[in-house]
Amino acid sequence: MILEDVTEFSAALKPMRPIIGLDLGTVTIGLAVSDTFLGVASPLETIKRKKFGLDAARLIEVIEKREICGLVLGLPRNMDGSEGARCQSTRSFARNLEKIWPGPITFWDERLSTVAAERALLEADTSRKRRSEVIDHVAAGFILQGLLDRLQVVRKAL
């Protein structure tokens, strides 16, 4: 079930269960998971993309193993806020995933998440080789943390 509104997404989540964040690229998918209190995002792994069926099968493995109750996809908007071809591809991935996984799915504006991840890795003095290995799931962590921070605001308002 795809929910555009964060409040509706929050209401659809099961208590004390983590959510997963995805940084969906053309070559890789970065994964990050939250804690059960939905407070902290942790980068998890990067999946090398093959085709949707194989990518989704690996994702479902992670979802089931970690008892994930919700999923957020980074939405790669243009800098002016408009949606281009990459957003359409992300929304299509979500629609296809919705057919095989019944949990709530939402989107989070991912503009500059990779830039923030790169900056954090540079500040940590991470080698170029290591940065290329982890950048996607670190970016997924930034995407997920943005949503988690917003969920805290939403829940306090209720």
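The values are calculated or read from the model by the stated rules, or taken from the named source; none is laboratory data. Bear in mind the structure is a predicted one, so any value in this text is a computation, not a measurement. Backbone-built Cβ (ideal geometry, glycine too); neighbour counts: all protein chains shown.
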Name the pairs: first residue in the range 131-158 and under 18 Å from Val62 (Cβ atoms), second residue part of a helix (DSSP H, G or I) and modelled with pLDDT of 80 or more, Cβ to Cβ under 9 Å, at least 6 apart or on different chains? Leu147/Val6; Leu147/Phe9
Can you tell me which residues in the range 48-92 are under 17 Å from Trp108 (Cβ atoms) and among the basic types (Lys, Arg)? Arg77, Arg86, Arg91
Tell me which residues, restricted to the range 67-82, are within 15 Å of the chain's Cα centre (by Cα) and either among the basic types (Lys, Arg) or in a loop (DSSP other than H, G, I, E, B) (or both). Ile68, Cys69, Pro76, Arg77
Does Ala85 count as over 14 Å from the mean Cα position of the chain (by Cα) and modelled with pLDDT under 95? yes
Of the numbered conditions (1) over 19 Å from Trp108 (Cα atoms); (2) of a type outside the set (Phe, Trp, Tyr); (3) touching a residue at least 40 places away in the same chain (Cβ under 8 Å); (4) surrounded by 14 or more Cβ atoms within 10 Å (Cβ to Cβ), Thr28 fails exactly one; give the number of that condition. (1)
May I ask you to verify whether Pro43 is buried (at least 20 other Cβ atoms within 10 Å of the Cβ), at pLDDT below 95, under 16 Å from Leu148 (Cβ atoms) and not acidic (Asp, Glu)? yes
